[in-house]
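J.: One structure, pasted below without further comment.
The values are calculated or read from the model by the stated rules, or taken from the named source; none is laboratory data. None of the values given here were measured: they were computed from a predicted structure. Positions of Cβ are generated from backbone atoms using ideal geometry, with glycine treated the same way; all protein chains shown enter the neighbour counts. SASA here: full protein model, heavy atoms, side chains in, ligands and nucleic acids out. Shrake-Rupley method; radii C 1.70, N 1.55, O 1.52, S 1.80 Å.
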Amino acid sequence: MKPLSLESINATSFYNVELSEREGFYQFFTDYGVHYAIGFVKSDLLSYDEVYELMIANLNNQSSKRDSHVREAIIAIIDDFFEQNNDTLLYICETGDNKQAGRSRLFEYWFSMYSKKALFTMLSTTIVDSDGVSNFATIITRNDNPNYVDIISEFTETVQLLSNKPD
């Protein structure tokens, strides 16, 4: 993954985005004191080398009010990721606090407002695990990705495989 351009990100982000100490991560603080980290970690869920898991973390667990500037910052980071890389993102919602459905809806809403969304394919799914926990996953890839068909096919097959519970 090529590094992102903080200059480009901060040109469209209300909040000042900085590099984080953790490689592949960026951070910002909101006016409400929330410390966000946004990162990209190489994924092994699909067989392609160019697949990264998008991590969005509220590091200080502060209450996050309805702050449209958070969306602007996150979309600015994602936008620059795709400007620098023709890779694929997987967004898998954290399940530890049972708020994953809300996180998934919010992320889908944010992306629906993205001005360049027509350049991408975004597929979202829900997989219920053996404990009955709903897991939400979204894949985003550029429509001009040379492996587009194979990546979407593998994602769809993986979802079907994980959705079929053994007898």
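J.: Near SER13, within a Cβ-to-Cβ distance under 12 Å, what is the net charge of the other residues, with Lys and Arg +1 and Asp and Glu -1?
T.: Charge balance near SER13 sits at -4.
J.: Right, here's the next one. At what distance in nm do the modelled label points of GLU7 and ASP131 sit from each other, each positioned 7 Å from its Cα along Cα→Cβ?
T.: Placing both labels 7 Å beyond Cα along the Cβ direction yields 4.7 nm.
J.: Return the loop-located GluC sites (Glu not before Pro) in the range 1-51 (DSSP other than H, G, I, E, B) with at most 14 other Cβ atoms within 10 Å of their own Cβ; answer none if there are none.
T.: Loop-located and lightly packed - GLU21, GLU23.
J.: Name the residues whose placed amide hydrogens come within less than 5 Å of the amide hydrogen of GLN62, ignoring near sequence neighbours (fewer than 5 apart) on the same chain.
T.: Answer set, sorted by chain and number: HIS35.
J.: Return the long-range amide H neighbours of PHE120 (sequence gap of 5 or more, or a different chain), with a cut-off of under 5 Å between placed amide H atoms.
T.: When sequence neighbours closer than 5 places are left aside, the close amide H contacts are ASN143.
J.: Normalised by the residues of the range 123-167, what does the relative contact order come to in percent, with Cα pairs under 8 Å and at least six apart? Spell out each step's value before the answer.
T.: Working: 32 pairs, mean separation 16.6, N = 45.
This gives 37 percent for the range 123-167.
J.: Can I ask one more? With a sphere of radius 11 Å drawn around the Cβ of THR95, what net charge do the other residues whose Cβ falls strictly inside it have (Lys, Arg +1; Asp, Glu -1)?
T.: -2
J.: Continuing with the same structure: Using each residue's phi in the range 22-35, evaluate 6.51 cos²θ - 1.76 cosθ + 1.60 at θ = phi - 60° and report the 3J(HN,Hα) Karplus result to the nearest Hz, with x for Gly and Pro.
T.: 7, 4, x, 10, 10, 9, 7, 10, 8, 5, 9, x, 7, 9
J.: Give me the net charge for the shell around TYR114: Cβ to Cβ below 10 angstrom, other residues only, Lys and Arg +1, Asp and Glu -1.
T.: On the way: positive: ARG71, LYS116, LYS117; negative: ASP79.
Once all neighbours under 10 Å are counted, the net charge is +2.
J.: Quick one, which of (i) 18.6, 62; (ii) 16.0, 53; (iii) 15.5, 50 is the actual Rg and Dmax of the Cα atoms in Å calculated for this model?
T.: Of the labelled values, this structure produces (ii).
J.: So if we plug the beta-carbon distance of MET122 and GLU23 into 1/(1 + (r/R0)^6) with R0 = 30 Å, what FRET efficiency do we get, rounded to 0.05?
T.: 0.70
J.: When the convex hull of the Cα atoms of the range 8-55 is projected onto a plane and the area is averaged over all directions, what value comes out in nm²?
T.: Numbers: hull surface 16.8 nm².
About 4.2 nm², averaged over all directions.
J.: Taking a cut-off of 22 Å between Cα atoms, list the lysines near LYS65, but don't count ones fewer than 8 places away on the same chain.
T.: LYS99
J.: May I pose another question? What part of the accessible area of the range 108-167, given as a whole %, is carbon or sulfur when the probe is 1.4 angstrom?
T.: Within the range 108-167, the accessible surface is 54 percent carbon and sulfur.
J.: What residues qualify as long-range amide H neighbours of GLU53, i.e. H under 5 Å apart, gap of 5 or more or another chain, H built at 1.01 Å from N?
T.: Amide H neighbours of GLU53, under 5 Å, 5+ apart: VAL41, LYS42, SER43, LEU90.
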